[in-house]
Amino acid sequence: MYDDFFFPYEKAKLWTGNMVLLSLSNFLLYVSLYMMLPALPLWMVRHWYCSYAEAGATIAVFGLAMFLPGAFNSYLIDTFKRKSVCFIAMFLLVASSLLYPYVATVGLVVLVRALQGGLFSVITMTTGSTLVIDVTASRRRTDANIAFAWAGRFGMAAGLALGVYIYPYWNFHYIIYTSVALGTLALVLIPAVKVPFRAPLSTLWFSLDRFVLPRTLWAGLNMMMVAIVFGILIAHIYNELFYICILAGLILSLLLLSYVLSHASGRSEVELGQAAMIGGLLLLNYSNGLINSYIAGILLGMGIGTTVSRFFIKMISLPRHCERGTGNNTYQLLWEAGVLAGFLFENIWTESHPDTIYWICIGICAVLLLMYELFTHPWYYRKMEEKQ
């Protein structure tokens with residue numbers, strides 16, 4: 001790892017060549033994965049005549065499978081070269097996408113999704129939780145984790161917009177090939193990253209290190225509610241301009257956090273973010289106009305970006321120095337699990353209750369806000385101190 005003795009303050013840059021390569025790779029990988037999310041269930045329903053609930057469950061297997069390799073994470077990165085582990089996992093993930101046009105049953109799609117979920121978990125662990133930290137001076141590692149996470153969020157919105165846009169015009173096979181091409185671009189950037197030499201270590205096969213950090217779970221579960229709302233919207237709205245507006249909202253939230261809310265409290269950021277999300281959801285519920293839906297998309301993007309950024313900072317600030325990667329990986333796991341849980345819920349619920357979906361999202365945002373207000377209120381801290 002880089003040492004501050006060799007990287008004094010004036011040279012501790014955030015956007016080094018390595019950081020640019022990793023962030024761009026992360027952006028492209030998320031575009032590759034998320035562009036398939038709107039198209040894959042529609043293809044399954046039309047190709048095999050399965051229900052939307054069955055298609056949603058098949059897609060959601062990805063989120064569960066991300067937890068399977070977690071206990072081996074520490075062993076993988078301490079025993080083998082981290083960049084090699086990342087490259088092999090990403091290669092297998094991209095190559096496995098080529099299986100979709102040739103699978104013969106829904107069960108085989110489940111297996112492919114499970115395989116991809118496990119591989120994606122290894123990739124996020126080796127990149128955001130390890131390589132980004134390895135190639136960044138210690139003073140800038142928090143900034144590097146935040147910037148890397150933002151690249152992924154932009155990739156999600158861009159991927160959704162691309163997938164929704166091209167699905168009505170292209171054969172599903174071409175969507176797969178486009179996804180593979182973007183994943184390949186993400187893959188070829190990894191070998192160019194220069195990682196400091198690290199001698200192999202002897203470690204346990206099973207460990208919570210680089211997997212899940214219990215100390216961050218409360219903030220993670222709050223953040224997961226935002227991911228559930230996002231997953232519900234992904235399954236419910238098929239409009240590429242809506243996701244472009246979400247992308248614009250994410251960019252606006254980043255600008256607000258950097259220049260307007262840079263000295264605001266975390267509580268204010270969460271309150272503002274949830275107010276924007278609830279406002280966007282109310283606009284979607286009460287208006288059928290396209291312009292209003294685009295305004296709602298911008299509000300939702302601002303709300304998601306502001307709220308999730310605050311919880312993410314909390315999740316990488318709570319860990320001790322040696323646990324930063326574990327906190328980051330906990331965020332990745334809970335975010336994807338939340339998105340796919342919301343995706344599954346929408347596919348099950350709207351078949352019988354299509355008019356209530358936005359109210360459910362508003363309820364989730366309200367519960368998140370109430371819980372956050374309660375557990376950040378000075379009264380709560382006084383009670384905790386009295387108990388201790």
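Each reported figure results from applying straightforward, stated rules to the coordinates on display, with no laboratory input. If you're wondering where the values come from, they're calculated on a predicted model, not measured in any experiment. All Cβ positions, even for glycine, are placed from backbone atoms using ideal geometry, and neighbour counts span all protein chains on display.
Annotations
- Between Leu370, Leu14, Leu299, the residue with the greatest mean-square fluctuation in the GNM of the chain (Cα pairs under 10 Å linked by springs) is Leu370.
- Every Cα-Cα pair of segment 292-382 was included, and the share exceeding 16 Å stands at 70 percent.
- Average Cα contact separation per residue, segment 111-203, under 8 Å, 6 or more apart, as relative contact order %: 29
- Extension gain, Leu108 to Trp205, is 32.0 nm, computed as 0.36 nm per intervening residue step minus the present C-alpha separation.
- If the chain linking Trp218 and Thr142 were pulled fully straight, counting 0.36 nm for each residue of separation and taking away their Cα-Cα distance, it would gain 25.4 nm.
- The protection proxy used here, the mean number of other Cβ atoms lying within 10 Å of each residue, ranks peptides 332-340, 72-80, 124-132 as follows, highest first: 124-132, 332-340, 72-80.
- For the chain, built as a Gaussian network whose Cα springs stay under 10 Å, the top-fluctuating residue of Ala144, Ala192, Ala227: Ala192
- Approximate shape of segment 122-179 as ellipsoid semi-axes (Cα gyration tensor, √5λ), whole Å, largest first: 33, 12, 6
- In the chain, helical runs assigned H by DSSP with n ≥ 4 each contribute -39500 (n - 2.57); averaged across all residues and rounded to the nearest 500, the mean residue ellipticity at 222 nm is -23500 deg cm²/dmol.
- Spin-label model distance (nm) - Phe91 vs Ser265, 7 Å beyond Cα toward Cβ: 5.2
- Among Leu162, Leu99, Leu68, the largest mean-square fluctuation in a Gaussian network model of the chain, built with springs joining Cα atoms closer than 10 Å, belongs to Leu99.
- Principal semi-axes in Å for segment 21-155 [√(5λ), Cα gyration tensor, largest first]: 30, 16, 12
- Zone residues, segment 223-253, relative to Val45, backbone N less than 15 Å from point 7 Å out along Cα-to-Cβ: 232-239
- Packing, as the average of other Cβ atoms within 10 Å across residues, places the peptides 105-117, 25-37 in the order 25-37, 105-117, highest first.
- For segment 81-197, the spread of Cα coordinates along the three principal axes comes to 49, 28, 22 Å, biggest extent given first.
- Average 1/r across all pairs of distinct alpha carbons in the chain, invert it, and you get the Kirkwood radius: 21.4 Å.
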